[in-house]
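Here is the structure we will look at.
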Amino acid sequence: MVFRLDLGTVIARFAVRRVTVFRVPAQMVYSLAVQLLAGTETLATIATHWLGRFQHALGTRDAFTLENLFHRDCHWRDVLALTWHIQTLSGAHAIAGDLIEASGRVRPMGFRIDPDRTAPRHVTRAGTKCIEAIFRFETAEGHGSGVLRLIDDGEDTHRAWTLLTALDELKGHEERVGHLRPSGQSYSREFGGPNWSDLRKSAAQYAERDPAVLVVGGGQAGLSLAARLGQLQVDTLIVDRWPRIGDNWRRRYAALTLHNQVHVNHLPYMPFPPNWPVYMPKDKLANWFEAYVEAMELNYWTGTEFEGGSYNAEAERWTVTLRRPDGSEREMHPRHVVLATGVSGIPHIPELPTLGNFGGSVLHSSQYEDGETMKVKSAIVVGTGNSAHDIAQDLYAAGAKVTLVQRSPTLIVNCDPSAQLVYGLYSEGPPLEDCDLITASIPLALARKTHVLATEHAKNLDKPLLDRLQRKGFRLSDGDDGTGWQFLYLTRGGGYYFNVGCSDLVAEGKIGLAQFADIEAFVAEGARLRSGETLRADLVVLATGWKGQEELVRKLFGQEVASRVGPIWGFGDGQELRNMFTRTAQPGLWFIAGSFAQSRIYSKYLALQIKACEAGLLQ
Ligand SMILES: Cc1cc2nc3c(=O)[nH]c(=O)nc-3n(C[C@H](O)[C@H](O)[C@H](O)COP(=O)(O)OP(=O)(O)OC[C@H]3O[C@@H](n4cnc5c(N)ncnc54)[C@H](O)[C@@H]3O)c2cc1C
């Protein structure tokens, strides 16, 4: 084993040296080396060779060799490490050029397989077989990790299909975890002075200071980010309008359990206990949020509305207004404001001209509490996304006669197992940290292909249900270009339903179904259909979704800031979510949102950027 590795290294070094002098022969030498080793070399050796050649080409600014190291279909995703951006570049020529430019600036070095992480292995990603290797490296500014995917191009040469370079930590600003954890002695030496509890209370009061970072929203996105910033010693305050930590989950419908399995949903640093249920009930999660805030020593103001603010470019600070639970106002001047207010910002209420005729109550889904207390006899729920189905099922369970009104084709996927297929990686065996890095390493093109395959698989698994729904007149979708529910979420924040029973009720005719186009008009007693029939109701719920976060930015900071920042979430023509987890065109304004996994993964990178700004490394 040792011999093989050494032989491989020797040959690779020889190949690398040849590369700089005679370009084409070097490739031949490398092929020969690979042939010599074929059948005996380890995957680690193949990846190590590639990394050696890569590093040498970077160091010598050899664009030709660099380009040759990549497959013709290739992608490089950099998450801050080399460019200070979260960006994906495709095509060997463009990648080689940008890599050389970036490496001149940050001098990456020390590329090697990380012995402490999942060893290089054969995997199939997006339907393609490849070698996947996790490596580490450093730059002038920090330490990084990456994922390399190599495919055999048929000439006994392994070329890079995808490459991730991601920043892990900033030199001199490492997280205070593990062997760097605080000693705790400072609390015990001063017998007369304030103890840990006194210091915590006064830190969270912000009586005579302002935080460097104000995080608006204390859901999983806000908590994850604040926890990360805390380890980087950035003074951070979370504000949330709800009276109790966890209310963003607690106040959702009674039967809610999370849609993803527990092992995908951990918050940073503090995984859920191993005896927790696979699908977590919302109140258990809400209470965990409280425990998390306590354990991670997060500063969190409940019952506090963020009312907006303005940015002083000269002072590089915000002036923001917070409405406290007693109605008083507090002005603050943080350097950074992070909106962690969820993908769904302001309710979208469509213009339904005849709805004014309706004699019963009309609610947006965000105003709906629960069917049991509402004592509704019959209801119309407009919409067929997650909220619409959940509300319809809740009303049905409370004894109401319910009709779902479908406006557009909707993707239906059984929660278990079909909706879990896209999280297969997290069940492959590597530890959470490696799964997160691998997730971050998947460029958009591969993600789309992966999701097309998963959607096809899910459709086959769910066929009996989908056929029954279609027979009832339900119009099905499989997402944009067949990319499924995850891309509907990433581009529109909705348009799908994870079936936890409501689709079965629709298929069985226990919950009614009407098409919006079949409604002639709303009338006092309900909705009159073109067939002449009237759907009677005493409640209409508009489960019609949410406006984009741009609207929220406009409301909180004004049109100028909203125009400067532009669209938020979705990909547009690019390969990254717009304005998420990264610097925006408005200095000091940041966004974080998404699933537990997204919050866990990207809170790290967002925190590193804010820390870099605070340390003067980044503008
Ligand atoms: C039934 C169901 C199951 C789900 N299962 C999963 C799952 O298994 N895994 C998963 O990853 N996701 C799941 N989700 C999606 C998940 O709910 C959302 O992804 C999540 O709530 C988003 O978290 P967030 O922190 O971005 O925003 P939110 O949880 O929406 O939190 C935003 C917070 O911001 C606060 N806020 C907003 N504006 C202001 C303001 N101006 N001032 C003060 N506070 C403000 C709000 O009060 C709120 O508490 C599920 C959703 C539902 C409905």
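The values are calculated or read from the model by the stated rules, or taken from the named source; none is laboratory data. What you see is a predicted model; the values in this text were computed from it and never measured. FYI the Cβ positions are ideal-geometry reconstructions off the backbone, even for glycines, and counts take in every protein chain you see. Remember, those area values only see protein heavy atoms, side chains included, never the ligands or the DNA or RNA. Shrake-Rupley method; radii C 1.70, N 1.55, O 1.52, S 1.80 Å.
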**Average Cα contact separation per residue, the chain, under 8 Å, 6 or more apart, as relative contact order %** = 14 percent
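Grab the Cα-Cα distance for Glu101 and Ala204, subtract it from 0.36 nm times how many residues apart they are, and report the gain in nm with one decimal.
On the way: separation 103, 0.36 × 103 = 37.08 nm, distance 4.39 nm.
Extending this stretch completely gives an extra 32.7 nm.
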**Complete:** Placing each pseudo-label 7 Å from Cα in the direction of the beta carbon, Asp370 and Arg181 end up separated by a distance in nanometres of 3.9 nm
**Prompt:** Got a sec? Which residues in region 239-258 would a label at Glu294 touch, if it sits 7 Å along Cα→Cβ and we count backbone N under 16 Å?
**Reply:** 244-247
**Message:** Taking the Cα centroid of region 124-150 and of region 195-220, what is the distance between the two, rounded to the nearest whole Å?
**Reply:** 38 Å
**Request:** For every other residue with a beta carbon closer than 15 angstrom to the beta carbon of Gln549, add +1 if it is Lys or Arg and -1 if Asp or Glu, then tell me the sum.
**Result:** +4
**Prompt:** Can you give the accessible area of Thr450 in Å² (nearest 10), computed on protein heavy atoms with a 1.4 Å probe?
**Reply:** 60 Å²
**Message:** Compute the distance from the alpha-carbon center of region 415-435 to that of region 553-619, in whole Å.
**Reply:** 27 Å
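Heavy atoms only, probe 1.4 Å: what % of the accessible area of the chain goes to carbon and sulfur, would you let me know? Walk me through the numbers on the way to the answer.
On the way: 13950 of 27220 Å².
That fraction is 51 percent.
Work through the residues other than Gly526 whose Cβ is under 15 Å from its Cβ and net out their charges, Lys, Arg +1 and Asp, Glu -1. All intermediate terms of the calculation are to be shown ahead of the outcome.
Details: positive: Lys377, Lys401, Arg528, Arg530, Arg536; negative: Asp518, Glu520, Glu525, Glu533, Asp538.
Taking every Cβ under 15 Å from that of Gly526, the sum is 0.
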**Asked** So how much accessible area does Arg244 have, in Å² to the nearest 10, using a 1.4 Å probe?
**Response** 100 Å²
**Request:** Starting from the amide H of Ile86, placed 1.01 Å from N in the peptide plane, find each other amide H under 5 Å away whose residue is 5 or more places distant or on another chain.
**Result:** Leu80
**Message:** Give me, ordered by chain and number, the residues 5 or more places off Trp161 or on other chains with an amide H under 5 Å from its own placed amide H.
**Reply:** His71, Arg149, Leu150, Ile151
**Message:** With a cut-off of 8 Å between alpha carbons and a minimum separation of six or more residues, what is the relative contact order of region 54-143 in percent?
**Reply:** 24 percent
**Prompt:** How would Asp434, Asp326, Asp198, Asp168 line up by accessible area, probe 1.4 Å, largest first?
**Reply:** Asp326, Asp198, Asp168, Asp434
**Prompt:** Just the accessible area for Ile442, please: 1.4 Å probe, Å², rounded to the nearest 10?
**Reply:** 40 Å²
**Complete:** At R0 = 45 Å the Cβ-Cβ FRET efficiency linking Ser563 and Met109, nearest 0.05, sits at 0.60
**Item:** Spatially proximal aspartates and glutamates relative to Lys401 (Cα-Cα < 12 Å; intrachain offsets below 8 disregarded)
**Value:** Asp538
**Prompt:** Which helices count as membrane-span-like in the chain under these terms: full DSSP H, at least 20 Å along the axis by C-alpha, Kyte-Doolittle mean of -1.0 or more?
**Reply:** 2-21, 23-37, 43-59, 92-106, 444-461, 596-614
**Prompt:** Sorting Asp247, Asp116, Asp73 by accessible area (1.4 Å probe), largest first, what list results?
**Reply:** Asp116, Asp73, Asp247
**Mean accessible surface per residue for region 283-391, computed with a 1.4 Å probe while every protein chain stays in place, in Å²** = 47 Å²
**Message:** Roughly how far apart, in whole Å, are the Cα centres of region 440-461 and region 74-121?
**Reply:** 24 Å
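For a test of the definition: using alpha carbon positions, the gyration tensor, and the 1.5 limit on a/c, classify region 435-483 as rounded, prolate or oblate. Working shown, then result.
Details: a/c = 3.91, a/b = 2.59, b/c = 1.51.
Prolate shape, in that a/c is at least 1.5 and a/b is the bigger ratio.
Based on the Cβ-Cβ distance of Thr257 and Leu476, what FRET efficiency does E = 1/(1 + (r/R0)^6) give at R0 = 30 Å, to the nearest 0.05?
On the way: r = 25 Å, r/R0 = 0.82.
Efficiency, rounded to the nearest 0.05: 0.75.
Which whole-number percent is the relative contact order of region 435-535 (Cα, under 8 Å, 6+ apart)? Walk me through the numbers on the way to the answer.
Working: 75 pairs, mean separation 19.1, N = 101.
Normalised by residue count, the contact order of region 435-535 is 19 percent.
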**Request:** At a Cα cut-off below 13 Å, give the aspartates and glutamates reachable from Lys604, other chains included and same-chain residues fewer than 8 away excluded.
**Result:** Asp168, Glu169, Glu174, Glu175, Glu433, Asp436
**Message:** Suppose accessible area is computed on protein heavy atoms with a 1.4 Å probe; arrange His364, His457 from highest to lowest.
**Reply:** His457, His364
**Fill in**
Computed from the beta carbon distance with a Förster radius of 51 Å, FRET efficiency for Tyr269 and Glu508 to the nearest 0.05 stands at 0.70
